[in-house]
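Have a look at the structure below before the remarks.
The values are calculated or read from the model by the stated rules, or taken from the named source; none is laboratory data. Note that this is a predicted model, so its numbers are computed, not measured. Neighbour counts are summed over all protein chains in view; Cβ atoms, including those assigned to glycine, are modelled from backbone coordinates with ideal geometry.
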Amino acid sequence: MGIAVGAVPISPFDRDPTNLFILTQIRLPRVLLAALVGGALALCGAVMQGLFRNPLADPYLLGIASGATAGAALTIALHLDIYWGAVPIGAFLGGVLAVTMVYRIAQTRWAQLDNYALILSGVALAALFSAVTSFLLFYRGASHDARRLIFWILGGLGGAQWVYVLGLLGTLLVAGMILLLFARDLNALALGEEMAAHLGIEPRHLRKILLFAVTLLTAVAVAVSGTIGFVGLIVPHMLRLIVGPDHRLLLPTSALGGAVLLTLCDAVARTVLAPAELPIGIITALLGAPFFLFLLRRRAQLGASL
Amino acid sequence: MIRLENVQLGYDGRVVLSDLNLEIAPGEVFGLVGPNGSGKTTLLRAISGRLSPQAGAIYLDCRRLNQLSPKELARELAALEQEISCSFDFTVREIVELGRLPHRARWQRLSAKDHAIITRALALTHTLEFSDRTIQSLSSGERQRVWLALALAQEPKVLLLDEPTAHLDLRYQFEILGLICQLAATERLTVVLSLHDLNLALRFVDRLALLSEGRVIASGVPDEVLVPHRIEQAYHVRVRRLEGDWFIAEGVA
């Protein structure tokens, strides 16, 4: 369906060369990219919520996505983006820098004692990296770069190319395998780090591996689509209400749910104001928030009747 | 069997407990009592392998504790924290299933044998009837039994409990300690538990150690350790032993 709708209505079975080009070179990679980005962000959100035992956690907390955005913005501002692949690499380095800083803070004693300290430092770092991005935007002023920078800040799938699709697909497969292997450890972590340790898990080890996989995946997703909020936060909650908290089930279903949600949101973003495009973040928030509230309400009612 | 030899415990150079020499026999219910901050939790953490001794050695069945990997240790020994919170609303059965983690490789699914062990752990703790309910829908007394079922699903030889009766009303205190003692007898479990209530300690444990000011000031059977002058020494409270099993506090010493 996502393939068929757009500024130019095309049937998937159209044989006209122009339409075929739009279909295979623009629309199909874009739809696939939307699905992959949505899946990646939702999967990362589910893992982060489990890892930090905090319902507010998502790839944006801890500054991973903000770091990646700042990295991408810096690459553009320095005109390094004339080199192929420079922007995703810049985004990844930014994400790694953010997570390294958070991780250094996590090594200090006060952060080990208090998970909230870690989350708060993540929020502070996110603000710091956002400031870097904003500064670059302001500094580059009205130049051509500014438009490209805004793309990163608002997020969007307009730049979809096959190479992005393949790159993200590969990362999602690798990181997804790692994360799934540790799904049951995340279940144990729900009882707290000490209890997980009594069950034979090494919490510090687990944290390191999961943070690595999540950073990699988030950075690549941000590199190809900019910052798209809300998916990573909301999809795991929705799925937890539907399939329960078991991460072995929650992680794959969150990835699927994120893929479906973002594909739908992107289809809406492309069509409601066609030929203009709405930034997709507006759609994710407009669709996601009411649905989330609905699910919360329903659960409250079920809880009351049990 | 658990043996502590000249153990010294603490955090970051600060010493909490020293000169610990204890032997806990298989199948024994061993109590740790002492005032707040006397090191009961620290000692339990050390026996669980989560805190390395600053000096001395702790042995579990003649093997030094630090020679066992976390997973091996989790097959021998189950430990419950004083306050366990569950950040997501798992069902009781899902939680008890976690007890099988140390027995399976990462990619292995639960076998029929695992399921049998889980069901048995649920039955032993009388939690089978609400095993499909979620943890947050239970009362604190029921939850305490679920944590116990989780520990039993590990099939441990040793069970460490940090104040299992905290936050429970009188009835649940008796119920949970009765259950623990019964399990120690039927499952041949060695139980080490910390307790605040001396009356409960007197009634339920086989032997105990009284901790105060960084040392074990007495250990042995409750009737010999929990005598008024030792309690006054440890807690600075004057007490009188009533007929039978009870103490009554008479005022601050």
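Annotations for the structure displayed:
- Residue within the range A:265-273 that is farther than 26 Å from A:V102 by Cα, away from every other protein chain (no Cβ under 14 Å) and outside any helix (DSSP H, G or I) present: yes
- Residue within the range A:192-209 that is of a type in the set (A, V, I, L, M), free of Cβ contacts under 8 Å to residues at least 60 places away in the same chain, over 30 Å from B:A46 (Cα atoms) and surrounded by fewer than 22 Cβ atoms within 10 Å (Cβ to Cβ) present: no
- Pick from the range B:87-122, criterion part of a loop (DSSP other than H, G, I, E, B) and in contact (Cβ under 8 Å) with a residue 24 or more places away in the chain, ranking: nearest to B:P156 (Cα to Cα): B:F90
- B:E72 vs. criteria surrounded by fewer than 18 Cβ atoms within 10 Å (Cβ to Cβ), part of a helix (DSSP H, G or I) and at the interface with another protein chain (Cβ under 9 Å from one of its Cβ atoms): yes
- Residues located in the range A:158-173, provided they are free of Cβ contacts under 8 Å to residues at least 12 places away in the same chain and either within 14 Å of chain B (Cβ to nearest Cβ) or among the aliphatic types (A, V, I, L, M) (or both): A:V163, A:L166, A:L173
- Of all residues in the range B:139-155, exactly one satisfies the criterion of being touching a Ser or Thr at 6+ places or on another chain (Cβ under 9 Å) and farther than 29 Å from B:E72 by Cβ, namely B:E142.
- Screening A:I64 against (1) surrounded by fewer than 24 Cβ atoms within 10 Å (Cβ to Cβ); (2) at pLDDT below 85 leaves a single unmet condition, (1).
- Qualifying residue in the range B:150-164 (condition: away from every other protein chain (no Cβ under 14 Å), in a helix (DSSP H, G or I), crowded, with 16+ Cβ neighbours inside 10 Å and among the aliphatic types (A, V, I, L, M)): no
- Residue satisfying all of: in the range B:123-139; assigned to a helix (DSSP H, G or I) and farther than 24 Å from A:R240 by Cβ; nearest to the other protein chains (Cβ to nearest Cβ) among these: B:E129
- Residue within the range B:48-64 that is away from chain A (no Cβ under 11 Å), crowded, with 18+ Cβ neighbours inside 10 Å and not in a loop (DSSP other than H, G, I, E, B) present: yes
- Any hit, the range B:169-179, residues being surrounded by fewer than 17 Cβ atoms within 10 Å (Cβ to Cβ) and of a type in the set (V, I, T): no
- Inter-residue pairs, beta-carbon under 8 Å, first among the aliphatic types (A, V, I, L, M) and in the range B:35-48, second assigned to a helix (DSSP H, G or I), 6+ apart: B:I47/B:L65
- Any hit, the range A:39-51, residues being surrounded by fewer than 24 Cβ atoms within 10 Å (Cβ to Cβ), modelled with pLDDT of 75 or more, more than 14 Å from chain B (Cβ to nearest Cβ) and out of contact with any Asp or Glu (no Cβ under 8 Å at 6 or more places or on another chain): no
- Qualifying residue in the range B:215-224 (condition: in a helix (DSSP H, G or I), modelled with pLDDT under 90 and touching an Asp or Glu at 6+ places or on another chain (Cβ under 9 Å)): no
- The residue that is nearest to A:A46 (Cα to Cα), among those in the range B:75-90 that are under 13 Å from the mean Cα position of the chain (by Cα) and within 7 Å of another protein chain (Cβ to nearest Cβ), is B:E81.
- No other residue among A:L256, A:L239, A:L179, A:L216 is of a type in the set (A, V, I, L, M), away from every other protein chain (no Cβ under 11 Å), closer than 30 Å to A:D81 by Cα and part of a helix (DSSP H, G or I) apart from A:L216.
- Filter result for A:G90 (surrounded by 18 or more Cβ atoms within 10 Å (Cβ to Cβ), modelled with pLDDT of 85 or more and not charged (D, E, K, R)): yes
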